[in-house]
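Here is the structure we will look at.
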Amino acid sequence: MSELVQQAAVLQKYLELDQRGVIIAEYVWIDSTGNLRSKGRTLGKKVNSVDELPEWNFDGSSTGQAPGHDSDVYLKPVAFYADPFRKGDNIIVLSECWNNDGTPNKFNHRHEAAKLFEAHKSADLWFGLEQEYTLFDQFDNVYGWPKGGYPAPQGPYYCGVGAGKVFARDVIEAHYRACLYAGVHISGINAEVMPSQWEFQVGPCTDISMGDELWIARYLLHRVAEEFGVKVSFHPKPLKGDWNGAGCHANVSTKEMRAPGGMKYIEAAIEKLSKRHVEHIKLYGSDNEQRLTGSFETSSMSSFSSGVANRGASIRIPRSVNREGRGYFEDRRPASNIDPYLVTGIMCETICGAIENADMSKEFERESS
């Protein structure tokens with residue numbers, strides 16, 4: 001760790017150099033495996049609108065997104081954020097991937113989700129996503145665990161305080177501040193049930209911005225952890241045995257659910273979800289069957305359930321919502337490695353209705369073909 005500190009001190013003197021009126025834009029995109037990629041470019045002036053950002057391209061054959069004989073994939077900027085690493089007027093640019101024939105790349109799930117949200121704008125959908133993740137050291141050992149052994153069983157780690165109960169808090173605090181600086185609506189953090197497992201929450205965000213902000217929060221987490229020499233895993237069951245898995249619970253509400261008498265709309269949405277359990281599970285993350293076993297605060301992957309304050313159900317209605325008769329519900333099925341565009345998109349499709357030429361349930365099949 002001391003070597004990393006020394007490197008950071010050397011880097012700092014260069015970061016303080018005058019950029020002579022230009023800015024650096026770090027373009028970020030999602031590759032074929034659901035991982036993030038990025039590269040930077042120099043722009044001549046400060047950016048005030050996404051419309052001012054130029055399109056760019058990359059070698060899709062190196063990211064699994066295009067064949068070698070036709071490798072150019074285009075980056076279309078959709079949102080930008082303040083850069084907490086370079087600071088100043090420098091920015092991070094979230095981009096969609098498009099093919100050279102003018103069609104969205106098959107791994108671009110944002111495009112279809114955006115059409116659904118636009119069609120159902122009157123629903124005023126709010127989302128909050130609870131992103132769980134696990135930290136590993138550079139040798140793929142769970143961060144802070146005894147070498148070749150295990151810590152004490154689960155119990156004292158959830159929202160824990162103190163040495164031996166909490167690991168890598170410096171990484172988590174750095175990520176929290178980076179998100180706030182960038183303008184991500186990060187609403188909280190906490191240590192999770194398994195030691196070296198953490199959670200951050202993003203939201204409430206409306207419509208397509210939910211997926212945008214979660215992807216940027218993930219990017220910032222990877223970048224922060226990189227500086228500390230720590231690896232981030234979003235696998236839903238990073239360690240076999242009596243250890244909790246990792247999810248990305250989705251909190252959902254519409255304008256009608258938040259209004260007085262909203263409980264009937266929450267119940268109607270849950271009824272619709274119960275009829276599309278299989279379609280949702282397909283889009284709720286890979287290896288999710290290792291997590292959704294009915295144990296460790298999860299529901300069964302093979303059946304749908306709901307209940308008030310029940311963390312073992314597919315859908316949980318918070319106690320406060322049940323008492324007030326309005327608010328939101330929590331879908332506890334999504335895995336930690338979800339594409340948030342798929343999850344929020346199919347949620348919109350199911351509770352608000354499908355539209356012509358936009359079907360999230362077909363996205364999985366399109367990507368797999």
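The values are calculated or read from the model by the stated rules, or taken from the named source; none is laboratory data. What you see is a predicted model, and the numbers here were worked out from it, not measured in a lab. Virtual Cβ from ideal backbone geometry, glycine too; neighbours counted across all protein chains shown. Just the protein is used for accessible areas: all its heavy atoms, side chains included, with ligands, DNA and RNA removed. Shrake-Rupley method; radii C 1.70, N 1.55, O 1.52, S 1.80 Å.
So in segment 168-192, with the set limited to residues that are assigned to a loop (DSSP other than H, G, I, E, B) and either in contact with a helix residue (DSSP H, G or I) (Cβ under 7 Å, 6 or more places away or on another chain) or at pLDDT below 95 (or both), which one is surrounded by the fewest Cβ atoms within 10 Å (Cβ to Cβ)? Restricting to residues being assigned to a loop (DSSP other than H, G, I, E, B) and either in contact with a helix residue (DSSP H, G or I) (Cβ under 7 Å, 6 or more places away or on another chain) or at pLDDT below 95 (or both), the top hit is HIS185. Does TYR284 qualify as being hydroxyl-bearing (Ser, Thr, Tyr) and in contact with a helix residue (DSSP H, G or I) (Cβ under 6 Å, 6 or more places away or on another chain)? Here the answer is no, as TYR284 does not meet what is asked.
A search for C-beta distances below 7 Å between a residue of segment 313-330 that is part of a helix (DSSP H, G or I) and any residue that is of a type in the set (A, V, I, L, M) and surrounded by fewer than 19 Cβ atoms within 10 Å (Cβ to Cβ), counting only pairs 6+ apart in sequence or on different chains, returns ARG319/VAL308; ARG319/ALA309; ASN322/VAL308.
Go through segment 121-132 and report how many residues are outside any strand (DSSP E or B) and either surrounded by 22 or more Cβ atoms within 10 Å (Cβ to Cβ) or not assigned by the TED database to the domain that holds GLY183 (or both). Break it down stepwise before answering.
Initial filter on segment 121-132 (outside any strand (DSSP E or B)): 121-125.
With the extra rule that they be either surrounded by 22 or more Cβ atoms within 10 Å (Cβ to Cβ) or not assigned by the TED database to the domain that holds GLY183 (or both), the set shrinks to 125.
Residues flagged as outside any strand (DSSP E or B) and either surrounded by 22 or more Cβ atoms within 10 Å (Cβ to Cβ) or not assigned by the TED database to the domain that holds GLY183 (or both) within segment 121-132 amount to 1.
Taking first residues from segment 273-296 that are closer than 13 Å to ASP331 by Cα and partners that are modelled with pLDDT of 95 or more and assigned to a strand (DSSP E or B), the Cβ contacts under 7 Å between residues at least 6 apart in sequence or on separate chains come to LEU273/ILE315; TYR284/ALA335.
How about segment 1-120: which strands (runs of 3 or more DSSP E) wholly inside it have at least 1 residues that are open to solvent by less than 50 Å² (accessible area, probe 1.4 Å) and closer than 20 Å to GLU363 by Cα? Strands (runs of 3 or more DSSP E) meeting the threshold: 23-30, 36-43, 72-82, 91-98.
To keep it simple, each residue is scored yes or no on (1) under 28 Å from the mean Cα position of the chain (by Cα); (2) under 30 Å from TYR143 (Cβ atoms); (3) assigned by the TED database to the domain that holds ARG223; (4) not hydrophobic (A, V, I, L, M, F, W, C).
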position	(1), (2), (3), (4)
LEU36	yes, yes, no, no
GLY40	yes, yes, no, yes
ASP70	no, no, no, yes
TYR74	yes, no, no, yes
PRO84	yes, yes, no, yes
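Contact annotation: residue pairs with Cβ atoms under 7 Å, 6 or more positions apart or on different chains, pairing a residue in segment 142-171 that is touching a residue at least 12 places away in the same chain (Cβ under 8 Å) and within 20 Å of VAL232 (Cβ to Cβ) with a partner that is open to solvent by 60 Å² or more (accessible area, probe 1.4 Å) and in a loop (DSSP other than H, G, I, E, B), are TYR157/LYS165. For segment 350-369, the set of residues classified as modelled with pLDDT of 95 or more and either open to solvent by less than 10 Å² (accessible area, probe 1.4 Å) or β-branched (Val, Ile, Thr) (or both) consists of THR350, ILE351, listed by residue number.
Every condition in (1) closer than 23 Å to GLU226 by Cβ; (2) of a type outside the set (Asp, Glu); (3) modelled with pLDDT of 95 or more is met by VAL10 except one, and the failing one is (3).
All of SER299, SER314, SER274 fail the test of being polar (S, T, N, Q), modelled with pLDDT of 95 or more, in the same structural domain as VAL252 (by the TED database) and open to solvent by less than 40 Å² (accessible area, probe 1.4 Å), apart from SER314. Where helices (runs of 4 or more DSSP H) fall entirely within segment 240-291, those with at least 2 residues that are touching a Lys or Arg at 6+ places or on another chain (Cβ under 8 Å) and within 30 Å of GLN197 (Cα to Cα) are at 277-282.
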